[in-house]
Amino acid sequence: MKFATKAIHAGVEPDPSTGAIMTPIFQTSTYAQEEVGKNKGYEYSRTQNPTRTALEKNLAALENAKFGACFGSGLAAIDCLLKILNPGDEVIANNDLYGGTYRLFNSVFAKYGIKFHFVRMDQASAIEAVLNSKTKMVWIETPTNPMLNIIDVQAISDALKASAAMVVVDNTFSTPYLQTPLDLGADVVMHSVTKYLGGHSDVVMGALVTNDEKIASEIYRIQNSSGAVCGPQDCFLVLRGVKTLHLRMQRHCENAMKVAKYLRNHSAIDKLYYPGLASHPGHEIAKKQMLGFSGMVSFTLKSDTVKAAQDTIAKCRVFTLAESLGGVESLIGHPATMTHASIPQKLRRKSGVVDSLIRLSVGVEDIEDLIADLEQALE
Ligand SMILES: Cc1ncc(COP(=O)(O)O)c(C=O)c1O
């Protein structure tokens, strides 16, 4: 099946007892068993829940994967995957990761003896410099949050074929509509489902998908053992959100491109980051591995101060100041004091997250209203 058909149908069957077209919210913690050891495939909802199963199958299908697992948040999904590793193992990750991923790596897993190297992944030599026999995972976020750097998934996966390292892609910013990393050679895809997949800013959830049976069985073992699962109501909301993912992403991409083109010529803007523009250093790779360039746009101001950024943000009326991204409504954020505040200032500035950096999650509203809002805010 093609993407839109899968988004609407994959994993979803009419309910056998009633014919209900929409997957019911199986709000139950446990399941009656006919006799000891005889059940209908469900025993306890930490382990399995039918609403969650439908969503796990749906997300796996969208990423061209065989196995899917959903969690209580994106970070819970990352936490599960990292627990596959052992003390002494090493991980190589982008140096401009989402701040929460960086915090989980550095402040939780580092103390259990896992070593992290944060490098510029747009330079193959930077990975080669730290790659060694202890490297068990390479963590790629592309486009990165919030600098929108593009990492060449195929090139990195090919280069690592001979090593024991598992290639993981955080596909949150792209979504499977725009990019399917498993097809580019990655082993696992991770999502903050909270963002575009949910799409309506009403759910916090994470997901992992893979084609590797061994990795999948470890994921399911840890999902059940650690128990960071999501509830059935949230699974229902995401199943509903995913049905329009392709339509929403088309409009997010269209609107973001128009916003980027408007900002490109604005006298108050210093640097503009949008992978859809030919001037973006990752544009050619983005064109190769993505169907569109997603809805995120970042920029800095000529007056590079926290105050200048905050004054601009305060004037916005349609763009709402908030954490998160990927919902139908446009949001505006200040990474240095919000999403990336947990990254030390020196490291943060080095990766481009300077004091005036502003990040836009361009929604699916009328483009004229979005541009007019930015125009008056930047005056
Ligand atoms: C790229 C990326 N990965 C992971 C996460 C973490 O996901 P969650 O907030 O659902 O735990 C986020 C959250 O903003 C993100 O932007």
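The values are calculated or read from the model by the stated rules, or taken from the named source; none is laboratory data. This structure is a prediction, so every number in the text was calculated from the model and none was measured. Counting neighbours? That spans all protein chains shown, and the Cβs are built from the backbone with ideal geometry, glycine included.
For region 24-54, a residue qualifies if it is surrounded by fewer than 14 Cβ atoms within 10 Å (Cβ to Cβ), among the hydroxyl-bearing types (S, T, Y) and not in a loop (DSSP other than H, G, I, E, B), and the qualifying residues are T30, Y44.
Which fully enclosed helices (runs of 4 or more DSSP H) of region 145-261 have 1 or more residues being in contact with a Phe, Trp or Tyr (Cβ under 7 Å, 6 or more places away or on another chain) and touching a residue at least 24 places away in the same chain (Cβ under 8 Å)? Even if it seems obvious, please write down each step before you answer.
Values: elements: 153-159, 175-178, 213-226, 232-242.
Output list reads 175-178, 213-226, 232-242.
Look at region 71-83: where a residue is closer than 17 Å to Y196 by Cα and touching a residue at least 60 places away in the same chain (Cβ under 8 Å) and a partner is in a helix (DSSP H, G or I) and near the ligand (Cβ under 8 Å from one of its atoms), sitting 6+ places away or on another chain with Cβ atoms under 8 Å, you get F71/A77; G74/G100; L75/G100; L75/T101.
Restricting region 207-238 to residues that are surrounded by 24 or more Cβ atoms within 10 Å (Cβ to Cβ) and within 13 Å of A60 (Cα to Cα), the residue that is nearest to the ligand (Cβ to nearest atom) is A207.
Evaluate the following for T300: is it of a type outside the set (G, A, S) and either crowded, with 24+ Cβ neighbours inside 10 Å or within 30 Å of I156 (Cα to Cα) (or both)? Taking the combined requirement at face value, the residue satisfies it.
Quick one: would you say I114 is under 26 Å from G227 (Cβ atoms), away from the ligand (no atom under 16 Å from the Cβ) and in contact with a helix residue (DSSP H, G or I) (Cβ under 9 Å, 6 or more places away or on another chain)? Against the criterion (under 26 Å from G227 (Cβ atoms), away from the ligand (no atom under 16 Å from the Cβ) and in contact with a helix residue (DSSP H, G or I) (Cβ under 9 Å, 6 or more places away or on another chain)), I114 qualifies. Residues to consider are I21, I8, I84; find the one that is at pLDDT 95 or above, away from the ligand (no atom under 16 Å from the Cβ) and not in a loop (DSSP other than H, G, I, E, B). None of the others qualify; the one that does is I8.
Taking each residue of region 100-113 that is in contact (Cβ under 8 Å) with a residue 40 or more places away in the chain and looking for partners that are away from the ligand (no atom under 12 Å from the Cβ) and assigned to a helix (DSSP H, G or I) with beta-carbon atoms closer than 9 Å, six or more apart or interchain, yields Y102/L347.
The residue of region 121-132 that is farthest from K83 (Cα to Cα), among those that are under 23 Å from the mean Cα position of the chain (by Cα) and buried (at least 16 other Cβ atoms within 10 Å of the Cβ), is D122. Can you work out which of the residues in region 166-181 that are hydroxyl-bearing (S, T, Y) and within 11 Å of the ligand (Cβ to nearest atom) is nearest to F293 (Cα to Cα)? For region 166-181, the residue satisfying everything is S174. Of all residues in region 182-198, those satisfying the criterion of being over 18 Å from V91 (Cα atoms) and within 13 Å of the ligand (Cβ to nearest atom) are H191, S192, V193, T194, K195, Y196, L197, G198.
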